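Following: one structure in structure tokens, then a few remarks.
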Ligand code: UD1
Ligand code: CA
């Protein structure tokens with residue numbers, strides 16, 4: 001029978017010193033609590049309930065549209081047991097085990113949740129919990145066992161005697177409960193050092209009810225990493241990044257100085273991709289076979305097909321680069337920049353909603369916005385599509401094998417037909433017919449001997 005997961009995420013997160021609720025802080029581009037939610041569903045959960053406090057509305061909005069996901073608000077942070085009790089109205093009739101995780105420990109693995117559900121069934125236990133042994137257990141709840149190894153209770157660090165504090169086995173805060181959970185929660189009180197309703201008191205309550213408390217030990221202390229401060233957020237990010245880099249390197253990606261490369265879990269890389277130092281890959285970025293990305297390039301939601309090259313310091317957002325096309329160094333591909341096969345974009349060229357046909361080239365210093373450039377056309381240095389009249393955007397259409405001379409301004413809407421040629425320095429505001437030459441600038445005048453006369457006058 002499938003299980004439900006409750007994620008406890010109502011803590012204040014004051015140590016983040018931020019206006020943003022702690023659980024919404026991005027970790028590799030995804031909100032912290034998003035990891036817990038995704039892990040919960042990945043473990044096969046039928047329902048996921050997140051207990052939120054501070055910034056509840058903002059959290060709810062961030063995850064709008066997830067099916068089988070609900071949010072409940074804990075108005076006052078009275079402790080973890082009180083937080084869990086807020087999920088009761090939603091889950092009291094749920095048939096199946098209830099798994100509980102903590103919203104600030106994003107590295108908890110789905111295998112852990114599945115393992116606890118299985119342990120509950122296999123050992124016919126009332127509850128199952130994760131445990132870990134730490135050399136330095138300071139701050140964590142300690143596990144108390146009897147001589148035969150049965151779990152009796154948890155004691156919080158604050159409430160522990162010196163002997164109990166010497167116990168190295170701790171409670172990582174991940175549990176699975178049977179259906180009697182909601183009745184038992186009512187027995188938890190707040191008579192302790194913190195004056196809080198402690199969720200781990202359920203361990204003693206299950207034990208005293210004569211039900212078995214099963215345990216599962218995790219050796220992966222990384223799973224325990226919690227986020228309470230910016231420094232811990234950075235630490236968790238470091239661990240996740242390391243996992244991602246290792247993953248892609250085993251899939252055949254070459255990373256030069258991998259520790260300098262930033263990439264998000266949503267990125268997909270093919271074998272023989274080469275990433276130079278300082279590369280940043282974000283969102284739905286997809287790189288095909290053998291793609292090379294130069295140093296300090298930044299790509300977000302960008303596709304580069306097999307053999308494409310993005311040279312150093314290039315910035316791409318929602319761009320598409322076909323096989324054998326290349327951009328940079330220092331190019332900027334803004335949303336809907338589209339390079340067909342073999343197209344070339346060089347340094348200081350900006351594209352926005354612009355389509356470059358096969359083997360079309362814009363080698364240096366150009367702005368192409370709302371433009372269509374046909375195959376094998378050449379855009380000279382300093383060419384600008386003037387696409388904005390102060391109120392609306394207009395389109396520039398350039399046919400095949402067109403040559404646009406340097407420093408020309410193409411005032412949209414305007415069309416340059418196939419095979420046409422624009423002389424350098426032209427301001428073009430009328431369509432240019434097929435195979436025509438357009439010159440739109442002052443004709444040059446040479447005044448013979450003028451400079452010599454000037455010099456002679458000065459003598
Ligand atoms: C808790 C456990 C401790 C365990 C540790 C592992 C309790 C009392 N102690 O301590 O045994 O070793 O986790 O990390 O549970 N939360 C709420 N509402 C509240 C209080 C907390 O939603 O009123 C949420 C927090 O946002 C957090 C989680 O519950 O995600 C854990 O709370 P926290 O205060 O961090 O508990 P710990 O001191 O870490
Ligand atoms: Ca914690």
Fill in the blank from the handout: Per the filter on the stretch 226-241, residues within 16 Å of ligand 2 (Cβ to nearest atom), assigned to a helix (DSSP H, G or I) and buried (at least 17 other Cβ atoms within 10 Å of the Cβ) are 233, 236
Practice task
List every residue pair whose Cβ atoms lie under 6 Å apart, where the two residues are 6 or more positions apart in sequence or sit on different chains, the first residue falls within the stretch 142-159 and is in contact (Cβ under 8 Å) with a residue 40 or more places away in the chain, and the second residue, located anywhere, is away from ligand 1 (no atom under 15 Å from the Cβ) and part of a helix (DSSP H, G or I).
Solution key: 152/207
Practice task
Go through the residues of the stretch 56-75 one by one and say whether even a single one is surrounded by 24 or more Cβ atoms within 10 Å (Cβ to Cβ) and within 14 Å of ligand 1 (Cβ to nearest atom).
Solution key: no
Handout entry: Flag if residue 24 is on the phi > 0 side of the Ramachandran plot, away from ligand 1 (no atom under 12 Å from the Cβ), in the same structural domain as residue 101 (by TED's automatic domain parsing) and crowded, with 18+ Cβ neighbours inside 10 Å
Key = no
Exercise for the section: Determine if the stretch 85-94 includes at least one residue that is in the same structural domain as residue 172 (by TED's automatic domain parsing) and crowded, with 24+ Cβ neighbours inside 10 Å. Expected result: yes
Practice task
Working carefully through the options 256, 203, find the one that is more than 16 Å from ligand 2 (Cβ to nearest atom) and crowded, with 20+ Cβ neighbours inside 10 Å.
Solution key: 203
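For residue 48, state whether it is in contact (Cβ under 8 Å) with a residue 24 or more places away in the chain, closer than 30 Å to residue 281 by Cβ and either in contact with a helix residue (DSSP H, G or I) (Cβ under 6 Å, 6 or more places away or on another chain) or not in a helix (DSSP H, G or I) (or both).
Yes, satisfied.
The values are calculated or read from the model by the stated rules, or taken from the named source; none is laboratory data. These numbers come from a predicted model, not from an experiment. A quick note on method: Cβ atoms are made from the backbone with ideal geometry, for glycine too, and the neighbour counts reach across all protein chains shown.
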